[in-house]
1. If the cut-off is 16 Å between C-alpha atoms, which lysines fall inside it for A:Lys13, apart from same-chain ones fewer than 8 positions away?
2. Once label points are set 7 Å from the Cα along Cα→Cβ at both A:Gln137 and B:Ser11, what is their separation, rounded to one decimal in nm?
3. Put one equal scatterer on each alpha carbon of the range B:15-130, apply the Debye formula with no solvent term, and list log10 I(q)/I(0) at q = 0.10, 0.13 1/Å to two decimals.
4. Can you give the local net charge around A:Ala156? Use residues other than it whose beta-carbon is closer than 11 angstrom to its beta-carbon, Lys and Arg +1, Asp and Glu -1.
5. Can you give the convex hull volume of the alpha carbon atoms of the range B:73-129 per residue, in Å³?
6. Can you tell me what percent of all Cα-Cα pairs in the protein assembly as shown are more than 42 Å apart?
7. How compact is the range B:109-197 by the rule of thumb for globular proteins, expressed as Cα Rg over 2.2 N^0.38 Å?
8. How big is chain A in terms of Cα radius of gyration and Dmax, in angstroms?
There are 2 protein chains.
Amino acid sequence: MARIKTTKDESRKDVILTAAAESFRERGYKATSMRDLAEKVGIEAASLYNHIDSKSELLIDICFGITTLMNDFMTSVEESDKTSLEKVETILRFQIKQMVDNFNNNFVANREWLHLENPELGEFRALRHGYRKRLNQIITKGIEDGEIKESINVPATVWLLLHAVYGIESWHRSKVQVDPSVLEDNMITILISGLKK
Amino acid sequence: MARIKTTKDESRKDVILTAAAESFRERGYKATSMRDLAEKVGIEAASLYNHIDSKSELLIDICFGITTLMNDFMTSVEESDKTSLEKVETILRFQIKQMVDNFNNNFVANREWLHLENPELGEFRALRHGYRKRLNQIITKGIEDGEIKESINVPATVWLLLHAVYGIESWHRSKVQVDPSVLEDNMITILISGLKK
DNA sequence: CCTACCGATCGGTAGG
DNA sequence: CCTACCGATCGGTAGG
């Protein structure tokens with residue numbers, strides 16, 4: 001019985017989280033009121049607090065859900081026996097797919113995280129920094145192995161790659177529709193051939 | 001006398017605009033209160049309204065200032081006798097320089113414009129759309145002339161290029177310092193060699 | 001899950 | 001440029 005109750009609560013919270021991700025993406029975290037969110041879910045604002053503790057909890061769940069997913073995937077790629085350039089390609093393809101399939105959550109994690117507060121803000125920054133550092137190491141290895149242009153600046157390249165991918169956020173909103181797989185192949189073509197020695 | 005008064009008012013407004021751009025970048029438009037802004041300028045919140053009409057006016061001035069600059073530069077490049085690939089490179093270098101030299105204003109124009117309201121919101125979107133369309137035409141010409149890979153999807157490529165550049169926003173905030181000219185050359189190396197046939 | 005409500009803060013105005 | 005203040009809205013709570 002307690003089990004069923006828990007399940008019910010969790011699925012209700014998921015509905016709230018999904019609505020929150022869409023609202024935060026469309027209007028931004030600060031401009032989304034709990035009354036807006038409640039209306040979207042179909043209940044009164046006060047009723048939201050039976051499922052969550054605070055507005056900030058929603059942002060925390062969204063941001064950490066995405067970064068955890070990204071870091072876990074990074075680990076699986078590091079442990080694979082691909083070449084460095086293949087690793088970069090695999091990571092970029094995963095990020096692009098995530099951006100297309102889970103647009104709202106990724107947008108919020110990329111653009112609204114600055115509204116987190118400590119200690120979560122610090123933890124989030126550390127997670128993202130660790131992620132970039134690991135991508136940095138893969139690219140550095142690729143240069144040592146003669147796979148990647150030795151003339152590039154590695155930290156600047158990491159930024160370029162990640163933000164080229166984050167750009168799909170805005171792309172997704174536009175009216176010009178492109179098939180996601182075309183989009184993915186196009187990004188890989190340009191970025192990987194740009195990196196290749 | 002009227003002249004002097006106007007000049008004084010304008011320079012005071014410039015101080016407010018500069019402070020606003022920094023605050024909107026750091027905390028976001030919605031999270032920045034007029035009391036925060038007033039404190040930064042060194043006056044009371046009510047006194048701000050002797051120089052501006054509303055909070056939204058500040059966002060409008062910042063966003064349209066940047067897009068006007070970008071569109072004017074685009075015009076000068078279109079009228080030049082460079083090859084298409086050279087035009088793309090020139091535009092990217094200008095955008096990168098702008099992002100480094102005028103970081104706060106560019107960040108706000110790229111990330112906080114969604115808090116504009118109609119009619120300015122519609123006008124701003126139209127300006128940005130026109131800019132992308134013109135870049136699209138340059139790249140299309142480059143493919144026709146055999147300078148640029150014919151395998152790329154042009155709209156998706158425009159998004160990739162612009163967002164790779166917008167990424168400098170976040171880069172600028174990071175602790176890893178890289179010389180701006182190294183950053184610029186690095187981005188050009190990867191993106192232009194990725195485009196080249 | 002709702003009604004009723006709280007204290008805090010918001011953008012902005014009146015009047016000097 | 002300031003003091004004093006307004007109505008609206010915010011996130012969140014009490015109590016049922």
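Throughout, read-outs are computed from the coordinates displayed, never taken from laboratory work. Keep in mind it's a predicted model, so treat the numbers as computed, not measured. With ideal geometry, Cβ positions are generated from the backbone for all residues, glycine too; neighbour counts draw on all protein chains shown.
1. Of all the lysines, those that pass the test against A:Lys13 - Cα under 16 Å, at least 8 places apart if same chain - are A:Lys5, A:Lys40, A:Lys55.
2. With each label point 7 Å from Cα toward Cβ, the separation is 5.4 nm.
3. -0.35, -0.56
4. So the environment of A:Ala156 carries a net charge of -3.
5. 88
6. When all Cα pairs of the protein assembly as shown are counted, 17 percent exceed 42 Å.
7. 1.30
8. Final numbers for Rg and Dmax: 19.2, 63 Å.
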